[in-house]
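Working notes, structure below.
The values are calculated or read from the model by the stated rules, or taken from the named source; none is laboratory data. These numbers come from a predicted model, not from an experiment. Reconstructed Cβ throughout: ideal geometry from the backbone, glycine too, with neighbour counts over all protein chains shown.
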Amino acid sequence: MSTTDEPADEPPFDADGVYRGPDRRKSPTRLFSKFTFYGGRRLTGGRRPGENREVFVDRYPLWIWVMLTVFLVLNLLDAHFTLIYLQRGGEEANPVAVQLLNAGMGGFIGVKAFGVGLGSVVFCMLNNFRNARIGVVLALTFYQLLLCYHMLLYFGKWGNVIS
């Protein structure tokens with residue numbers, strides 16, 4: 001057995017005591033981490049120079065939460081007005097929604113809310129990605145138009161559903 005007289009590796013600190021060793025984070029931030037929903041410090045940008053767009057962050061800005069909350073509320077209003085429309089003699093055009101309605105009102109609302117809630121979580125985590133932001137804007141626009149359609153039906157301005 002041979003021993004070497006090489007000195008032990010010195011810790012990678014500079015004269016000021018700041019760690020200057022190798023970058024321990026050579027891979028990009030994961031989609032899910034312990035900071036996804038709680039904690040963390042980073043609101044924008046990445047940890048390396050040049051990582052300013054399309055990166056995952058530790059925290060999410062308030063405007064994202066507001067938009068996604070509006071998205072969820074519009075979804076629940078859609079479910080509510082759909083049920084009112086059906087009680088007044090209307091018919092559901094979406095075949096998936098018809099199957100959910102056949103399973104019961106609670107299942108319809110629960111699956112609809114869960115699906116949109118899951119989509120909202122994904123949109124939230126991808127908020128720095130351009131396509132995700134476009135998707136949120138398109139979904140919000142769609143739900144706002146759908147709510148206007150429901151209002152026209154509700155007040156008898158469109159269609160001939162019995163009040």
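Here are the numbers for the structure shown:
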{"quantity": "Residues satisfying the stated conditions in segment 84-103, i.e. of a type in the set (S, T, N, Q) and either in contact with a strand residue (DSSP E or B) (Cβ under 6 Å, 6 or more places away or on another chain) or assigned to a helix (DSSP H, G or I) (or both)", "calculated": "87, 99, 102"}
{"quantity": "Selected residue (only one of 55, 122, 70 is over 30 Å from residue 158 (Cα atoms), modelled with pLDDT of 85 or more, aliphatic (A, V, I, L, M) and within 17 Å of the chain's Cα centre (by Cα))", "calculated": "122"}
{"quantity": "Residues within segment 59-108 that are of a type in the set (S, T, N, Q), over 29 Å from residue 126 (Cα atoms) and surrounded by 15 or more Cβ atoms within 10 Å (Cβ to Cβ), tallied", "calculated": "1"}
{"quantity": "Residue match in segment 129-144 (condition: modelled with pLDDT of 85 or more, closer than 22 Å to residue 83 by Cβ, out of contact with any strand residue (DSSP E or B) (no Cβ under 7 Å at 6 or more places or on another chain) and among the hydroxyl-bearing types (Ser, Thr, Tyr))", "calculated": "yes"}
{"quantity": "Filtered residue count, segment 60-76, keeping only those that are under 15 Å from residue 119 (Cα atoms) and touching a helix residue (DSSP H, G or I) at 6+ places or on another chain (Cβ under 7 Å)", "calculated": "9"}
{"quantity": "Pick from segment 134-154, criterion more than 25 Å from the chain's Cα centre (by Cα) and among the aromatic types (Phe, Trp, Tyr), ranking: farthest from residue 69 (Cα to Cα)", "calculated": "154"}
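The rows are residues; the columns are (1) part of a helix (DSSP H, G or I); (2) in contact (Cβ under 8 Å) with a residue 12 or more places away in the chain; (3) of a type in the set (Phe, Trp, Tyr).
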site	(1), (2), (3)
67	yes, yes, no
76	yes, yes, no
79	yes, yes, no
82	yes, yes, no
107	yes, no, no
113	yes, yes, no
128	no, yes, no
136	yes, yes, no
147	yes, yes, no
